[in-house]
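See below for the structure under consideration.
The values are calculated or read from the model by the stated rules, or taken from the named source; none is laboratory data. In this text, all values refer to a predicted model and were calculated from it rather than measured experimentally. Neighbour counts are summed over all protein chains in view; Cβ atoms, including those assigned to glycine, are modelled from backbone coordinates with ideal geometry.
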Amino acid sequence: MKNGISVIVCCYNSVTRLEETLGHLVHQKFNKGQFQFEIIVVDNASKDHTFEFSNTFLSNYEIDFKVVKELNPGLSNARKKGYETAEYDYLLFCDDDNWLNENYIQTVFDILTENQQIGILGGVGEAVFEGIEPIWFQKLQNNFAVGKLVETDKTLYPLNEVYGAGFTVRREILKQIYSIHVNNVLSDRKGNNLISGGDTEWCYLAKYMRYEIWCSNDLTFKHLMPNGRMNWEYLKKLYVGFGRTNIYTHAYKYVEVHGKGPSNTLRLPLWLDTYIHKLKELRKFYPKVKGKFNEEGNEEVLRYYGMKGGLSELWSLKKKYHEVFLTIESNIKNVKAI
């Protein structure tokens with residue numbers, strides 16, 4: 001691989017958002033004598049003119065770029081296609097609605113070159129609204145990959161995970177993950193399915209490879225908040241997705257603490273025992289939110305929808321729930337052996 005940065009923009013029906021996103025990329029300021037830089041647009045089964053627009057737009061600039069197609073829908077598939085297409089050591093995943101500050105790639109290069117222990121590096125988003133900012137947004141902005149994940153005066157600091165928007169991963173990490181055929185238990189979003197977390201799983205696995213996860217407040221980007229997502233109903237659906245995702249992140253954390261998954265020799269099957277326990281929690285919690293479901297910004301209501309999402313995912317998994325732990329044990333064992 002070459003010394004440089006591949007910026008990967010994964011797209012699904014993105015033609016209306018790409019002009020600003022690509023515009024901020026082609027005007028990046030960096031030391032061309034220090035490293036190289038390319039833009040890769042992955043058209044992930046779009047039904048609009050994303051592919052044609054990207055080629056036409058980027059052809060107007062003296063910059064290395066590729067526009068490729070990934071016909072299998074899903075962000076995980078698009079990210080893998082970007083990895084397979086990329087030429088450089090650092091892979092920066094820029095969402096189609098992220099506008100990176102003009103020094104973003106130079107800052108990424110400097111940090112990762114000077115700190116070899118950092119395997120994944122994140123940034124901090126700032127919301128830009130297509131319409132009116134909701135009254136609840138500021139206190140809930142982290143749900144939209146916006147704002148600091150922790151309050152600190154430090155410019156560069158460690159975290160357990162970072163936003164999937166605007167994050168950079170060393171190519172070597174993905175090379176190892178794909179080479180041992182890691183069986184991902186966390187999928188990324190596909191269509192209207194709001195379960196997510198593929199980038200979170202990369203963070204978990206990178207730590208087992210003895211890399212660290214850091215964030216830099218110097219890595220700032222604007223994050224477009226479209227009208228279609230800036231409403232209370234969408235946020236409740238988003239929390240259902242978070243709840244479904246938490247079934248898998250909890251499993252990773254359980255194995256991390258205990259070294260293995262829970263026993264499957266209970267009186268009831270593991271999934272059913274867990275389901276009944278969570279159902280009792282939900283019923284006990286319900287009186288706190290009864291009659292409040294339309295109170296925009298009510299965090300207890302959102303917690304309720306997250307609990308419902310977790311129950312829904314457990315029900316869909318059923319007997320496969322125990323297999324999730326076995327898969328995680330295998331993933332961790334394999335990456336530790338590298």
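Condition first: of a type in the set (K, R) and outside any helix (DSSP H, G or I). Can you find one or more residues in the stretch 269-287 that meet it?
No, there is no match, as no residue in the stretch 269-287 is of a type in the set (K, R) and outside any helix (DSSP H, G or I).
Checking the conditions here, which among T113, T155 is polar (S, T, N, Q), closer than 18 Å to E212 by Cα and in contact (Cβ under 8 Å) with a residue 40 or more places away in the chain?
Result: T155 is the single residue among T113, T155 that is polar (S, T, N, Q), closer than 18 Å to E212 by Cα and in contact (Cβ under 8 Å) with a residue 40 or more places away in the chain.
Does the stretch 272-290 contain at least one residue that is more than 28 Å from N183 (Cα to Cα), buried (at least 19 other Cβ atoms within 10 Å of the Cβ) and not assigned by TED's automatic domain parsing to the domain that holds K175?
Our first condition is that a residue be more than 28 Å from N183 (Cα to Cα); within the stretch 272-290, this holds for 279-290.
Still in the running and buried (at least 19 other Cβ atoms within 10 Å of the Cβ): none.
No, there is no match, as no residue in the stretch 272-290 is more than 28 Å from N183 (Cα to Cα), buried (at least 19 other Cβ atoms within 10 Å of the Cβ) and not assigned by TED's automatic domain parsing to the domain that holds K175.
Please state which one of L92, L75 is among the aliphatic types (A, V, I, L, M) and at pLDDT 95 or above.
Answer to the check: L92.
Which numbered condition trips up N334, out of (1) assigned to a helix (DSSP H, G or I); (2) at pLDDT 90 or above?
Of everything listed in (1) assigned to a helix (DSSP H, G or I); (2) at pLDDT 90 or above, N334 misses just condition (2).
What are the residues in the stretch 300-311 that are surrounded by 15 or more Cβ atoms within 10 Å (Cβ to Cβ) and either outside any helix (DSSP H, G or I) or not aromatic (F, W, Y) (or both), if any?
Listed by number, the residues that qualify are V301, L302, R303, G306, M307, K308, G309, G310, L311.
For G306, are the conditions met, namely being out of contact with any Ser or Thr (no Cβ under 8 Å at 6 or more places or on another chain), at pLDDT 90 or above and over 30 Å from N13 (Cα atoms)?
So G306 does not fit the description; no.
Return the residue satisfying two criteria in turn: it lies in the stretch 247-266 and is surrounded by 12 or more Cβ atoms within 10 Å (Cβ to Cβ) and in a loop (DSSP other than H, G, I, E, B), and of such residues it is modelled with the lowest pLDDT.
Filtering first and then ranking leaves N264.
Pairs please, first residue from the stretch 48-62 and within 17 Å of I8 (Cα to Cα) and outside the structural domain of A78 (by TED's automatic domain parsing), second anywhere and among the small types (G, A, S) and assigned to a helix (DSSP H, G or I), Cβ atoms under 8 Å, 6+ apart in sequence or on different chains.
none
Looking at L219, L235, which is the one that is assigned to a helix (DSSP H, G or I), hydrophobic (A, V, I, L, M, F, W, C) and crowded, with 16+ Cβ neighbours inside 10 Å?
Numbers: L219 fails: assigned to a helix (DSSP H, G or I).
Matching residue, one of L219, L235: L235.
Conditions tested, residue by residue: (1) more than 20 Å from A145 (Cα to Cα); (2) in contact with a Cys (Cβ under 6 Å, 6 or more places away or on another chain); (3) among the hydrophobic types (A, V, I, L, M, F, W, C).
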{"site": "K260", "(1), (2), (3)": "yes, no, no"}
{"site": "L266", "(1), (2), (3)": "yes, no, yes"}
{"site": "L279", "(1), (2), (3)": "yes, no, yes"}
{"site": "G297", "(1), (2), (3)": "no, no, no"}
{"site": "L302", "(1), (2), (3)": "no, no, yes"}
{"site": "G310", "(1), (2), (3)": "yes, no, no"}
{"site": "K320", "(1), (2), (3)": "yes, no, no"}
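Taking the stated definitions as given, is S6 of a type outside the set (D, E) and under 18 Å from the mean Cα position of the chain (by Cα)?
yes
Please tell me if E126 is charged (D, E, K, R), farther than 23 Å from T249 by Cβ, in the same structural domain as Y90 (by TED's automatic domain parsing) and not in a loop (DSSP other than H, G, I, E, B).
yes
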